[in-house]
1. Would you mind telling me which numbered condition in (1) modelled with pLDDT under 95; (2) buried (at least 18 other Cβ atoms within 10 Å of the Cβ); (3) within 19 Å of VAL128 (Cβ to Cβ); (4) of a type outside the set (Phe, Trp, Tyr) THR30 fails?
2. Conditions: (1) in a strand (DSSP E or B); (2) in contact (Cβ under 8 Å) with a residue 40 or more places away in the chain; (3) of a type outside the set (D, E, K, R); (4) open to solvent by 50 Å² or more (accessible area, probe 1.4 Å). ASN152 meets all but one. Number of the miss?
3. Going through the range 90-106 one residue at a time, which ones are part of a strand (DSSP E or B) and either modelled with pLDDT of 95 or more or open to solvent by 60 Å² or more (accessible area, probe 1.4 Å) (or both)?
4. Within the range 52-77, how many residues turn out to be under 14 Å from VAL114 (Cα atoms), of a type outside the set (Ser, Thr, Tyr) and out of contact with any Asp or Glu (no Cβ under 8 Å at 6 or more places or on another chain)?
5. Filter the range 63-74 down to residues that are of a type in the set (Asp, Glu) and buried (at least 17 other Cβ atoms within 10 Å of the Cβ), then give me how many there are.
6. Would you mention how many residues in the range 116-140 are outside any loop (DSSP other than H, G, I, E, B), out of contact with any Ser or Thr (no Cβ under 6 Å at 6 or more places or on another chain) and open to solvent by 30 Å² or more (accessible area, probe 1.4 Å)?
7. Only residues that are small (Gly, Ala, Ser), at pLDDT 90 or above and farther than 19 Å from VAL55 by Cα: list them for the range 119-160, please.
8. Let me confirm something: among ARG60, ARG52, which residue is open to solvent by less than 100 Å² (accessible area, probe 1.4 Å) and modelled with pLDDT of 95 or more?
Amino acid sequence: MSSSMKWCVGICLMLLFVPGCVKNEAIKLTYALAGTTTRCQGDVVVFKFEDRRPVLRLGRTLDNSSIATVSDVADWVGWAVFDELKNAGCSPKYRTSTVMPGDAVLVTGEVLDVELNQTGTTTYAGKVSVKIIMSRAGQTMHIQKYTSEVENVVIPGYSTPSDILAEALRGVMTEAIPTISAIASSPM
């Protein structure tokens, strides 16, 4: 075999193995209701949250591959707030561009951090941090930062890494929804 042929075979082998070394995982974010016992009355407008995360990647696996999401993180949080408020009895509306809430409570905020890292062969740690801002008739009524962290086992065929983040977001909702509901249910 000539030296140019060996060089060509070497390059071909390298091209076969390099893509396997740069592996990235992309997950779809999901959410299931927290099932709060909070009751809510009144109209609420949920305005799309802002994604203010300093790093857009969610985290890393044990082999140092990036974990990313195919979902819009700000929509994921905003729709979770909407679904929880609807489940609590409020009359929510979701807006993404312009908003005219009238007398309704306006709920919006910022996604400050969403992390998902593999910590063991089948364990993942997730963290969700959100700042929620509530206002009515142009007046800010409440601003609060909520953070929830979860570490749990992912069992293939039964659960996914996305479930860890859903559980962390439920932790945020368990704390935030009673406050939002109380403000939405109070008279002006």
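1. The failed condition is (2).
2. Failed condition: (2).
3. LYS93, ARG95
4. Of the residues in that region, 8 qualify.
5. The qualifying residues number 0.
6. 6
7. GLY120, SER135, SER159
8. ARG60
The values are calculated or read from the model by the stated rules, or taken from the named source; none is laboratory data. All of these numbers come straight from a predicted model, not from anything done at the bench. Neighbour counts are summed over all protein chains in view; Cβ atoms, including those assigned to glycine, are modelled from backbone coordinates with ideal geometry. Ligands, DNA and RNA are excluded from the accessible area calculation, which covers all protein heavy atoms including side chains. Shrake-Rupley method; radii C 1.70, N 1.55, O 1.52, S 1.80 Å.
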